[in-house]
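The values are calculated or read from the model by the stated rules, or taken from the named source; none is laboratory data. These numbers were taken from a predicted model, which means no experiment stands behind them. Note: ideal-geometry Cβ built from the backbone for every residue, glycine included; neighbour counts use all protein chains shown. Surface areas here come from the heavy atoms of the whole protein model, side chains and all, with no ligands, DNA or RNA. Shrake-Rupley method; radii C 1.70, N 1.55, O 1.52, S 1.80 Å.
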Amino acid sequence: MTRFLEFAGRPFVFFIEECGSILLLLLSTISWMFRPPFRFRVIFKQMEFVGVNSVGVVLITGAFTGMVLALQTYHGFRMFGGEGLVGATVALSMTRELGPVFTALMVTGRVGSAMAAELGTMKVTEQIDALNTMSVSPIQYLVMPRIIAAILMLPVLTIISDFVGIVGGYFVGVNLLKINSGIFMAKIIDIVELDDIFNGLVKAAFFGLILSLVGCYKGIYTIGGAEGVGRATTQSVVLSSILIFISDYFLTAVMF
Amino acid sequence: MIKLIKITKSFNSQKVLDELDLKIDPEKITVIIGQSGGGKSVLLKHMIGLIMPDSGQIIIDGIDITNLNDKKLNEVRKKFGMLFQDAALFDSMTVGENVAFPLNEHTRLSRKKITKIVDDKLNLVGLENVTNKMPSELSGGMRKRAGLARAIALDPKIVLFDEPTTGLDPIMRESIDKLIVATQKRTKATFVVISHDIESSFTIAHKIAMLYQGKIIAVGTPNEIRSSNDSFVKRFIKDLRK
Ligand SMILES: Nc1ncnc2c1ncn2[C@@H]1O[C@H](COP(=O)(O)OP(=O)(O)O)[C@@H](O)[C@H]1O
Ligand SMILES: [Mg+2]
């Protein structure tokens, strides 16, 4: 029995330890944030990488999420004559939940993994050591800009996702399933509040912090050559996704 | 002036450095020689505070760097340049940007002045027309030269070399050795080179220090080491020649 507990408990202990180390990296990043030099150019470059280059993926996933939501809820709601609520359901789900979460998951795959791979390569080829020898803090030069960029850009991407999701829902609901467009829109305006949108964006910013922090953490602690970089990349995606789902639950419980 | 006093360092349970003492002569080339995996890189990284010892002191110009905060440590590091084993050039930047990096970070020189210094340093290490190339477009030997140019961009008083000739062909090895000697003559900086190549050590070193099982077992000029009667030193040289 104790053997079993030991066996089952080890990954859990490891997970908690890892979260502790990640938190330490966050604290150290915050402490570097207020020290010059302020690297606006590096931050802008990261914002472009995190944000601008993710727009395409977010457009596609957002639109199809809204479309499939409309399709699913339409069949359910029709049974009791609630087709008019399809628009509001799509809008509420997108802004509160699916916009932020799906955007964060897509960006984790695209950007979080790239951060882990890039910093991991820099670690195993001693480029991070080289920064240190040149009296430049890798935390300030590499980690902080990525985290700031992700925190700023995730809400922007989420707004885009929310918007195209609702447009997708409108297209399926109104154009294909022939729901009355006046009712579709009126119910959205009736039921969705600004708070729903705003809280969704707070979630998005938090997810941005998670995926960039985990990506950077896995990167700068990479060991073991090219193989290690591959491992760090995969682990960063898995861990970020897990943490996004867990924190999504708690953020939702607190905010709504 | 670099002085290591009773440095001990273990990773997990493996003791890599064991109460190691070493003094580096200023303005000279010291080669630290030892077997592969014997802790040479670990030793070199201690000198610039990239690795902190479990116990012991590292004195740089009278300051013990083992208990400095980041900010003070970074001040001390400005006396150093370091050439890493695979040059560690930033692969997202051109060669010119790499060499300019420390200048942009730590000086307020105009762009024009920096360009001039970059060209000078690249010339000094024997590179031409590479300013706009990416590191991945260079050969191993050229990358090491570019790494050296970056390491000496701020005219540091101390330059550290991690196996500068390992992995190069014999001709390239000789030319890098010559470059190290010539650069030291010109800059009058303190050079610390680690190597497992005994022949090249004899040609470039003013002083040779032998690292064995976590300790420095012998220090001397190339002639002293070569003609040593110490059976331990003799065996060490024979082992390295294998
Ligand atoms: N950061 C580290 N973590 C754990 N072990 C390390 C670390 N750095 C070096 N070592 C171990 O220390 C020993 C000496 O390594 P190193 O100094 O790189 O040898 P070399 O003389 O070839 O440069 C090796 O066994 C290596 O595995
Ligand atoms: Mg080494």
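For segment A:66-81, the tally of residues that are small (Gly, Ala, Ser) and surrounded by 15 or more Cβ atoms within 10 Å (Cβ to Cβ) stands at 2.
Conditions (1) in a helix (DSSP H, G or I); (2) more than 14 Å from chain B (Cβ to nearest Cβ), marked per residue:
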| residue | (1), (2) |
| --- | --- |
| A:72 | yes, yes |
| A:120 | yes, no |
| A:123 | yes, no |
| A:136 | no, no |
| A:139 | yes, no |
| A:152 | yes, yes |
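Within segment A:20-34, being over 19 Å from residue A:211 (Cβ atoms) and loosely packed, with under 12 Cβ neighbours inside 10 Å holds for one residue alone: A:34. Of the residues B:83, B:89, the single one that is away from ligand 1 (no atom under 16 Å from the Cβ) and either closer than 23 Å to residue B:197 by Cβ or surrounded by 19 or more Cβ atoms within 10 Å (Cβ to Cβ) (or both) is B:89. Of all residues in segment B:8-16, none are over 24 Å from residue B:122 (Cα atoms) and part of a helix (DSSP H, G or I).
When residue B:21 is tested against (1) within 16 Å of ligand 2 (Cβ to nearest atom); (2) closer than 25 Å to residue B:202 by Cβ; (3) part of a strand (DSSP E or B), only condition (1) is not met. In this structure, residue A:112 does satisfy being on the phi < 0 side of the Ramachandran plot and either in contact with a strand residue (DSSP E or B) (Cβ under 7 Å, 6 or more places away or on another chain) or crowded, with 24+ Cβ neighbours inside 10 Å (or both). As a summary of the residue check, residue B:154 satisfies the conditions (1) touching a Gly at 6+ places or on another chain (Cβ under 8 Å); (2) crowded, with 21+ Cβ neighbours inside 10 Å except for the one numbered (2). For the residues B:43, B:68, the requirement of being within 16 Å of ligand 1 (Cβ to nearest atom) and open to solvent by less than 70 Å² (accessible area, probe 1.4 Å) singles out B:43.
Taking residue B:147 as the residue in question, decide whether it is surrounded by fewer than 21 Cβ atoms within 10 Å (Cβ to Cβ) and within 16 Å of ligand 2 (Cβ to nearest atom). Here the answer is no, as residue B:147 does not meet what is asked.
Residue B:163 meets the conditions (1) free of Cβ contacts under 8 Å to residues at least 40 places away in the same chain; (2) within 21 Å of the chain's Cα centre (by Cα) in every case but one. The failed one is (1). Scanning segment B:210-238 for residues that are assigned to a helix (DSSP H, G or I), out of contact with any Ser or Thr (no Cβ under 8 Å at 6 or more places or on another chain) and open to solvent by 60 Å² or more (accessible area, probe 1.4 Å) yields B:223, B:224, B:226, B:231, B:232, B:235, B:238. Mind listing whichever residues of segment B:84-116 are away from every other protein chain (no Cβ under 12 Å), among the charged types (D, E, K, R) and under 23 Å from the mean Cα position of the chain (by Cα)? Scanning segment B:84-116 gives a single hit, B:97. In segment A:191-211, the residues that are open to solvent by less than 70 Å² (accessible area, probe 1.4 Å) reach residues that are charged (D, E, K, R) with C-beta atoms within less than 8 angstrom, at least six apart or across chains, in these pairs: A:196/A:96; A:197/A:162; A:199/A:96; A:200/A:96; A:200/A:97; A:200/A:162; A:203/A:248; A:207/A:248.
Away from every other protein chain (no Cβ under 14 Å), out of contact with any strand residue (DSSP E or B) (no Cβ under 7 Å at 6 or more places or on another chain), buried (at least 19 other Cβ atoms within 10 Å of the Cβ) and farther than 30 Å from residue A:234 by Cα, is that true of residue A:183? It is false that residue A:183 is away from every other protein chain (no Cβ under 14 Å), out of contact with any strand residue (DSSP E or B) (no Cβ under 7 Å at 6 or more places or on another chain), buried (at least 19 other Cβ atoms within 10 Å of the Cβ) and farther than 30 Å from residue A:234 by Cα. Taking the listed residues B:140, B:167, the one that is surrounded by fewer than 17 Cβ atoms within 10 Å (Cβ to Cβ), under 18 Å from residue B:83 (Cα atoms) and within 16 Å of ligand 1 (Cβ to nearest atom) is B:167, with no other qualifying. Of all positions in segment A:116-125, at least one carries a residue that is touching a residue at least 40 places away in the same chain (Cβ under 8 Å) and over 30 Å from residue B:47 (Cβ atoms).
Out of B:15, B:6, B:28, one residue alone is away from ligand 2 (no atom under 16 Å from the Cβ), more than 24 Å from residue A:135 (Cβ to Cβ) and either in contact with an Asp or Glu (Cβ under 8 Å, 6 or more places away or on another chain) or among the aliphatic types (A, V, I, L, M) (or both). It is B:6.
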